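Before any comments, here is the structure.
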Amino acid sequence: MGGRRFTPHLFEKFEMGFIDKLYHKSIPQGVISSFQKSFKDFELPIVDRGFNEKLVDKVLSIGEFFSRIQTERINHYLIIFCLGVILSLAVVFGVLL
């Protein structure tokens, strides 16, 4: 009757051998590899090439548009400013009337 019980020893080996290996090695490797694959398949082609390059192209095209509008003549800028003020006053007083 003074012997060791068999089941705690069995569960200790099962835990150390199978569960620790599964929990500390297999699951983290699976998670890491899936994130690396999603990064490679999603982030690089869609975010970097798709979104960022299209965003840069749009910003450059807007810059080209405004560079064509710029005349560097003060009278053109004053006319646009005065039209903006008149339009703003018309909206404000048109709403109030």
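Just so you know, all these numbers are worked out from the coordinates, no wet-lab data involved. Not measured: the values here are computed from a predicted model. Neighbour counts run over all protein chains shown; Cβ positions are idealised from the backbone, glycine included.
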For region 32-51, state whether one or more residues are more than 15 Å from the chain's Cα centre (by Cα) and among the acidic types (Asp, Glu). no
Within region 53-95, the residues that are charged (D, E, K, R) and within 30 Å of Glu43 (Cβ to Cβ) are Glu53, Lys54, Asp57, Lys58, Glu64
